[in-house]
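Worksheet for the structure shown next.
Rule-based calculations on the coordinates, nothing more; no lab input. Small disclaimer: the values here were computed from a predicted structure and weren't measured. Note that we place each Cβ from the backbone using ideal geometry, even for glycine, and neighbour counts take in every protein chain shown.
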Amino acid sequence: MNRAGAAALSLLAAPLNVHLLQALEDGPLPLIDLRRAVGSPPQSTMRVYSRTLVEIGTLERQRQPSFPGTVEYASTEAGQALLGTGAILERWLQEAPAGPITLGTTASKSATKALVEGWSTNIIRALAAKPLSLTDLNRLIPRISYPSLERRLGALRLADLVEPYPGEGRGTPYRATPWLRRAIVPLTAGAWWERRYLADPPQIGRLDVEAAFLLAIPLIELPADLNGKCRLAVEIQGGSSPVFAGVLICVEEGKVISCSSRLEGEAEGWASGSAGSWMRRMNGQDADLEIGGDGDLVREIVEAIRKSALAVKS
């Protein structure tokens, strides 16, 4: 399944992709020099990776008229922007519980791949809401075989993205770690890159929106005197009959006591807007969000989410 953000992070999970983009930061290089700069991989490997990056528009080939037959490779605007997304991913990787991870390493590949697979299969969406056992996940995500779910959950646990949680039923429940919750920042950065530079970017859907809020909300810090229910909604389908996805949050004395993906129910305040508007707001830019009801409640929550995101980016 193509989930927003997965394509960009999958590209950055491959160390050779990262090394190729980094090698071209200072300007174009002939193929032989580029190959040498990234550790002299086999020609066949070099050809596959460079062709892929050219096809998606992050690299370009430039023939040199002064030397017939000579080809240089250069990074494009899309390639430079992908490296910017990589910088956000690396800042998240530097917070790994077992110690800092550098982008473009084997450890980076393992952690990012586990994140992307968990995101794309909806395992992360499910665990963002509450702790679940493998049996629970198998019931919620029937399209994926039990062995495949077990393998992906094992990869998430090995990468410190999920952890066992004490439970009373059969099977061990697992919950999202704080580090996994902060991964919504590089995932959102990846989705933003895809929207700007891919010819056919994955659409941001209901599960993407719900997972993003469910991951982020437990991390926010609110004033101790804040109380009320707030609805946060993203328009995922426009037209004459807009469709929204999001969460309904209940706050008591500055603590989030519930966060549900069911938007129905009374709320003292609400905020809604397009996916692009929400992304711009989380990046600290001006964005058109429709705010109603208790504006102070809404603005405190939206600002708390923004600060949580910027803490990972800075």
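Observations
- Taking a straight Cα-Cα cut-off under 24 Å and skipping sequence neighbours fewer than 8 places away in the same chain, the lysines within cross-link reach of residue 307 are 130, 229, 255.
- The residues packed around residue 55, meaning those with a beta-carbon under 13 Å from its beta-carbon, carry a net charge of +1 if Lys and Arg are +1 and Asp and Glu are -1.
- Stretch gain in nm, segment residue 311-residue 43, where the contour uses 0.36 nm per residue and the Cα spacing is subtracted: 92.4 nm
- Label-point separation in nm, residue 87 to residue 199, each point 7 Å along Cα→Cβ: 2.9 nm
- Ascending count of other beta-carbon atoms within 10 Å, so fewest first, for 207, 24: 207, 24
- Build a GNM of the chain with springs between Cα atoms under 10 Å apart, and of 13, 176, 78 the one that fluctuates most is 78.
- Label selected from [x] 17.7; [y] 19.1; [z] 16.6, the criterion being mean projected area of the Cα convex hull in nm² as computed here: [y]
- The local environment of residue 271, defined by Cβ-Cβ distances under 15 Å, has a net charge of -3 under the rule Lys, Arg +1 and Asp, Glu -1.
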